[in-house]
Amino acid sequence: MIQWIKDLHANVFYTFRGRLAMLYVVVELTILLIAGLLIYSLLSRQVYNDVDEELYAQAQSVVNELNHSDFTFWPFHVREFTNHFNGSVQLVDTNGDIQFTFGKNLLQDDTGGILKALKQAMTGRSIIFVSTETLLRADNMRVIAAAVRKDNEIVGVLLLGRNTQEIQKIFKLLYSLGGFLGLLSIVISCVVGYMMARRALKPIGQITATAKAVSSGDLTRRLDSDVHDKEIRELITSLNSMFEDLESNFNAQKRFTADASHELRIPLTILKGEVEVALRHPRSEEEYKHLLGQHLDIIERMQRIVNDLLTLARADAGLLEVVQKPVDLSLLLQEIAQHHLILFDDHKIQLEMDIDDDLEILADAGHIERIVFNLLNNAFKFAPRNSTIYLSAHVYENEAVIMVKDQGLGISPDQQKRLFDRFYRVDDARARQSHHHGGGAGLGLAICKRIVEAHGGAIRVESALGKGAAFFVHLPLNRL
Ligand code: ADP
């Protein structure tokens, strides 16, 4: 029993639908109460007015007759009136003696109201109404007291009383009907309110269940967006897209970790194998030097990957150190190009430059150098013998746009979409083979993108298979 009350309490006060239903009831109750009071007061006033008017007219007609006739004829006149009067009549003379009574004795059992009216009527103050409820208990009366005159002198008072039981019966019926209808409508609105709220809130339960499932690891769960209410549908749509992001972020994270360990495991395995081979039997100093040199290459490669990963992790955490200073981009690009000229020349690759003068950007020179270095190296990797690599820098709409273009294999649109992802390599098999020879881990462009974005710029690629590739780096100009 106690538990039942507790449950009800929890359901009504601590659920939205319970409170909504309760609000319905309170509002409805208030409206009903106000409406009831209004109807009652207007109606009762109207009804009693009607009664009073009728009594007044009747009293007037009797008094008129009495005024014009002889004292001895009074009982006759009054009796005649009572023939068609449904109530009580009393005639009192100035001495206070009751001359005539028909129906109830109005003056008897009176608590003072009628007597007072009688006295006032005696003084000639026109006509007085009294309502009495105590008169003979159940017999509620509306009483009028009117003075009777002879030769302009008051000689008595006529009391007419009308039973109001009929009216009260009707009112009683009205009360119970109103009460019943009110109660019924409250119950109905309570139930309807509760049901409507439950229906509207049903998706909330679904949302809660799905959110719980997602947070406990079932990342593929989605909400059914086939919901009637627009607000809920919008909520579901945004939640679904949040789940989508969550899943793809989670998967990316998983992939990243797997890729990272994979990238490090391969060189580690190779290193281990080579060290084992080196230790198998004694060797000359020359041989050791040669082998250790090879080991150092592998270690450097691993170091590069770890450094790259660190850079990316820092960028993810918003900790990438970017010290922005005015940088003469024109000069910087020329310097970087100088470094590559000999290497390019060895492979019969031309470098063609078209760099605007006095390009100044606000940037971290080290980072910018790294980007251009990366792009030139990539271009070099894919440039065939006797081809040209272009390096240009121009101003375009308040931005410095650096372009590095080669005449190599090019990159298909599908590959372009993922080009800037971590560990993405266009030709995985071939890239893996080239581990020994400094093939990248697929982190270079990902880092470029992070750095460019940290500078408020953008990087993009234009390419088609077999048509070479052009990388564009947009950086905001330093405007002073
Ligand atoms: P990595 O550090 O291994 O070079 P990147 O992020 O720099 O990785 O490049 C990602 C992939 O994009 C590489 O697999 C590479 O084959 C491809 N790629 C980069 N630059 C070019 C280019 N100029 N032409 C064709 N493919 C390119």
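The values are calculated or read from the model by the stated rules, or taken from the named source; none is laboratory data. The model shown is predicted, which means the values in this text are computed figures rather than measured ones. Don't worry about glycine lacking a Cβ; one is built from the backbone with ideal geometry, like all the others, and counts go over all protein chains shown. Areas reflect the complete protein model, heavy atoms only, side chains present, ligands, DNA and RNA absent. Shrake-Rupley method; radii C 1.70, N 1.55, O 1.52, S 1.80 Å.
Annotations for the structure displayed:
- Taking 0.36 nm per residue of separation and subtracting the Cα-Cα distance, full extension of the segment from Gln334 to Ile2 would add 110.9 nm.
- Global geometry of segment 224-354, whether rounded, prolate or oblate, following the gyration tensor of its Cα atoms and the 1.5 cut on a/c: oblate
- Accessible solvent surface per residue of the chain, calculated while the other protein chains remain in place, 1.4 angstrom probe, Å²: 61
- Cα gyration tensor, the chain - rounded (a/c under 1.5), prolate or oblate: prolate
- The 3J(HN,Hα) values that the Karplus relation (6.51, -1.76, 1.60; θ = phi - 60°) gives for segment 188-205 are, in residue order, 4, 5, 4, 5, 4, x, 4, 5, 4, 5, 5, 5, 5, 9, 4, x, 4, x Hz. Gly and Pro appear as x.
- Surface composition of segment 1-122: carbon and sulfur atoms hold 62% of the protein heavy-atom accessible area at a 1.4 Å probe.
- Residue-averaged [θ]222 nm for the chain, counting only DSSP H segments that reach four residues, each worth -39500 (n - 2.57): -20500 deg cm²/dmol
- Shape analysis of segment 308-454 places it in the oblate category; the axes a ≥ b ≥ c from the Cα gyration tensor give an a/c of at least 1.5, with a/b not above b/c.
- Packing order of peptides 25-33, 55-63, highest average first: 55-63, 25-33 (average count of other Cβ atoms within 10 Å over each peptide's residues).
- Loop-resident GluC sites (Glu not before Pro) (DSSP state other than H, G, I, E or B) in segment 227-274 with no more than 10 further Cβ atoms inside 10 Å of their Cβ are absent.
- The HN-Hα couplings worked out from phi for segment 299-304 by the Karplus form 6.51 cos²θ - 1.76 cosθ + 1.60 (θ = phi - 60°) are 4, 5, 4, 5, 4, 4 Hz, whole numbers, x standing for Gly and Pro.
- Taking amide H as placed 1.01 Å from N in the peptide plane, the amide H of Gln99 sits under 5 Å from that of Leu91, Val92, Asp93, each at least 5 places away or on another chain.
- For the chain, the antiparallel share of DSSP beta bridges with both residues in that region comes to about 90%.
- For Leu443, the amide hydrogen comes within under 5 Å of the amide hydrogens of Phe423, counting only partners 5 or more places away or on other chains and with H modelled in the peptide plane.
- The chain: relative contact order as a whole-number percent, Cα under 8 Å and 6+ apart: 9
- Thr257 accessible area, assembled protein chains, probe 1.4 Å, Å²: 80
- Summary value for segment 118-252: 13 percent relative contact order, contacts being C-alpha pairs under 8 angstrom separated by 6+ residues.
- The amide H of Ile389, built 1.01 Å from its N in the peptide plane, has Gln350, Leu351, Glu352 as neighbours under 5 Å, considering only residues 5 or more places off or on other chains.
- Set of lysines near Lys467 by C-alpha distance (under 28 Å), chain-local residues within fewer than 8 positions excluded: Lys348, Lys381, Lys405, Lys417, Lys449
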